[in-house]
1. Tally the residues that are in a helix (DSSP H, G or I) and out of contact with any Asp or Glu (no Cβ under 9 Å at 6 or more places or on another chain), restricting the search to the range B:183-206.
2. Could you say whether any residue in the range A:83-93 is touching a strand residue (DSSP E or B) at 6+ places or on another chain (Cβ under 9 Å) and touching a residue at least 60 places away in the same chain (Cβ under 8 Å)?
3. Which numbered condition in (1) over 16 Å from the mean Cα position of the chain (by Cα); (2) open to solvent by 30 Å² or more (accessible area, probe 1.4 Å); (3) more than 14 Å from chain B (Cβ to nearest Cβ) is the only one that A:R194 fails?
4. Tell me yes or no: at least one residue of the range A:19-35 is out of contact with any strand residue (DSSP E or B) (no Cβ under 7 Å at 6 or more places or on another chain), touching a residue at least 24 places away in the same chain (Cβ under 8 Å), of a type outside the set (D, E) and under 20 Å from B:E170 (Cα atoms).
5. With the structure loaded, tell me whether B:G140 is of a type in the set (G, A, S) and within 29 Å of A:A94 (Cα to Cα) or whether it fails that test.
6. Please find, within the range A:132-143, the residue that is nearest to the chain's Cα centre (by Cα) out of those that are of a type outside the set (G, A, S) and open to solvent by less than 70 Å² (accessible area, probe 1.4 Å).
7. Select from the range B:6-22 the residues that are assigned to a strand (DSSP E or B), crowded, with 22+ Cβ neighbours inside 10 Å and either in contact with a Gly (Cβ under 6 Å, 6 or more places away or on another chain) or among the hydrophobic types (A, V, I, L, M, F, W, C) (or both) and list them in ascending order.
8. When residues of the range A:132-182 are filtered for being touching a residue at least 40 places away in the same chain (Cβ under 8 Å) and within 14 Å of chain B (Cβ to nearest Cβ), how many remain?
Number of protein chains: 2
Amino acid sequence: MTIKMYDLAGADPAVRFSPYCWRIRMALAHKGLEVETIAWRFSDKDAIAFSGQGLVPVLRDGDTIVHDSWAIAEYLDKTYADRPRLMDGEQGRALASLVRHIAQNVLLTPIAKAIIMDLFHALAPGDQPYFRDSREKRFGMALEKFQIAPDAALAQMTIAVSPLRALLKEQPFLNGRHPAWADYCLFGSFMWARNVSDVALLAPDDPVYAWREQMLDLFDGLARKSARAAG
Amino acid sequence: MTIKMYDLAGADPAVRFSPYCWRIRMALAHKGLEVETIAWRFSDKDAIAFSGQGLVPVLRDGDTIVHDSWAIAEYLDKTYADRPRLMDGEQGRALASLVRHIAQNVLLTPIAKAIIMDLFHALAPGDQPYFRDSREKRFGMALEKFQIAPDAALAQMTIAVSPLRALLKEQPFLNGRHPAWADYCLFGSFMWARNVSDVALLAPDDPVYAWREQMLDLFDGLARKSARAAG
């Protein structure tokens, strides 16, 4: 039975932009597993109530329900152990976890500041009030105030990614010669921006830019072919 | 034949504070290898000219000369492959490299700002003019201007270590259940501060503080027993 994944969608249901869902789309492709994605909206809490919580990604694999992108990656490595691993041993797990913390603690804010209004406009109208309320509480200010100019965002990004950039000068992927879970953890953050916004977060001469291009091409262009919100 | 390491020393030759030499002291202990350290000063370029360059650590292992802490770690894993590994596979190498880039690109500056005058005063008088000249060129200002208040340094540190802190909430060491090269790469930066300065860089409730305590205790307290400059 095909794996099913509840996947955050925009006003256009083809537009998928959750960084955590993108991690899993890439992880499933890495494992060579087919997936049927189900467009989900912030206001559809009932649709995923069976998972015991209210956030996506939620994976349904036969009778097994797993939520939370990290837990899903561990589930996939355990359940499909004979397929290419997402994390290789204890140090591989540590690498991926450090990268996800960089993505979430360091990169999330500058990216959010660059794309927040584009993201807001890409949402289904029914999701916009929830998004505005919850994010304005989190940021302590109006979305319009939180947004910064593209140039300022690019400057903040270039500092924030500095250790990742240094690593990507040494090797093509964060995991080494081939991509794996650490790469997908970071890549999700860039797909979040790409599918709702035209803001350029990276300069073309940045090694992280070249890495992102490679990631967009993986799995027959899975990410590159994905729909973007109309600007 | 015992391995020899040229190790940066202060006015008191027992005081050793190079972050890169500390990485190697810990790595050698990890491998269970004895080492004889040779006190070295910035002004002793001639003493290590045989290595073809002018920076420590320089390792002499029989007829083999290796410099640069990263190259030494790779040499040790290759040459002493039957002893506990410093880096485990491609993902282990990536983990350690990412941590060293965080140490060098993100943490070095706030630590330097906190300890620069203490570091200067710990140096041998003959090293002080070289140190002042080279660092003032690098920072673009007098050492006295570069220094910041301990509170400000602690605030900068707490942000800079945020992804490492998140990882150390999940597991006792950066490498997992046991320390290895990634841990030694970060730990060197803290030994740099510890052996020349009393500035508190971490709050006692920070998981990174608890990790540093564990690191100080490793190998029968190798680092904790090391000499500190008189305040």
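The values are calculated or read from the model by the stated rules, or taken from the named source; none is laboratory data. Bear in mind the structure is a predicted one, so any value in this text is a computation, not a measurement. So basically every Cβ, Gly included, is an ideal-geometry build from the backbone, and we count neighbours across all protein chains shown. Areas reflect the complete protein model, heavy atoms only, side chains present, ligands, DNA and RNA absent. Shrake-Rupley method; radii C 1.70, N 1.55, O 1.52, S 1.80 Å.
1. Number of matching residues: 11.
2. no
3. Condition not satisfied by A:R194: (1).
4. Within the range A:19-35 (the criterion being out of contact with any strand residue (DSSP E or B) (no Cβ under 7 Å at 6 or more places or on another chain), touching a residue at least 24 places away in the same chain (Cβ under 8 Å), of a type outside the set (D, E) and under 20 Å from B:E170 (Cα atoms)), the answer is yes, since at least one residue qualifies.
5. No.
6. A:R135
7. If the condition is that a residue be assigned to a strand (DSSP E or B), crowded, with 22+ Cβ neighbours inside 10 Å and either in contact with a Gly (Cβ under 6 Å, 6 or more places away or on another chain) or among the hydrophobic types (A, V, I, L, M, F, W, C) (or both), then B:L8, B:A9 are the ones that fit.
8. Within the range A:132-182, residues that are touching a residue at least 40 places away in the same chain (Cβ under 8 Å) and within 14 Å of chain B (Cβ to nearest Cβ) number 16.
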